[in-house]
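Since the structure comes first, as structure tokens, the remarks are kept for the end.
Please treat every number below as a calculation from the coordinates, not as lab data. Treat the numbers as computed from the prediction; the structure is a model and nothing was measured. Don't worry about glycine lacking a Cβ; one is built from the backbone with ideal geometry, like all the others, and counts go over all protein chains shown.
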């Protein structure tokens with residue numbers, strides 16, 4: 001039990017909780033998501049504050065009301081946000097029996113053109129930073145946040161390796177292919193000449209995601225492209241090349257191979273059928 005930290009949920013208390021999460025080393029995206037969910041809950045209540053005596057009942061009502069239109073994963077995250085806050089406030093077991101909707105099995109959505117499509121996007125990019133962004137996501141499998149946080153210090157040029165700091169401050173080492181390094185080198189050199197600990201790419205999250213969609217359209221790809229599509233393309237290409245799910249898992253930084261199966265379009269049935277010879 002963490003001990004009682006608050007008697008109400010309010011904007012000020014949410015800020016205190018947010019600072020606590022940050023101090024515990026949770027990622028910026030996680031802290032932002034948790035605090036946003038709590039603010040939405042407070043806003044939906046139509047009150048400046050919610051007594052913690054009413055917290056569980058009101059939270060359950062809010063989840064029930066919003067789950068009809070929200071994606072299952074959104075409801076699952078909101079439930080996690082509410083439970084995390086309750087634990088911080090010293091309330092054990094809040095919403096422990098609440099059953100969120102279960103999402104259907106995700107399917108891989110790499111771009112149909114594969115690596116050639118990523119090359120096409122790089123061809124229409126206008127700046128070195130744009131080329132580096134596409135290369136880090138598509139040729140190294142970085143998440144968009146990881147790509148935007150990449151600094152010169154992350155890159156070992158002689159070994160052509162990049163040490164990625166991912167979710168939960170976990171690190172993984174990813175070899176950079178020649179075509180990846182070729183499109184990252186200019187931004188690396190610029191960063192070394194200024195501040196090694198400054199990001200190579202100076203885009204905000206939303207701007208970077210929008211840019212990738214625009215580059216996909218300019219490149220004439222078959223459908224709109226997201227940053228995660230580039231990461232999935234990398235995972236699929238890696239798996240198709242070596243047929244080694246474990247290697248793909250390590251490169252993508254997944255804790256579970258089940259997640260990697262989704263990224264690469266691999267299922268247990270497919271792996272089992274591969275043994276029928």
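Here are some notes:
- Given (1) over 16 Å from residue 150 (Cβ atoms); (2) surrounded by fewer than 19 Cβ atoms within 10 Å (Cβ to Cβ), number of the condition residue 236 does not satisfy: (2)
- Of 79, 38, 42, 9, all but one fail to be touching a strand residue (DSSP E or B) at 6+ places or on another chain (Cβ under 9 Å), under 29 Å from residue 165 (Cβ atoms) and not in a loop (DSSP other than H, G, I, E, B); the exception is 38.
- Failed criterion for residue 76 (all others in (1) out of contact with any helix residue (DSSP H, G or I) (no Cβ under 9 Å at 6 or more places or on another chain); (2) farther than 30 Å from residue 148 by Cα hold): (2)
- Just one of the numbered conditions (1) under 30 Å from residue 145 (Cα atoms); (2) exposed (fewer than 14 other Cβ atoms within 10 Å of the Cβ) is not true of residue 67: (2).
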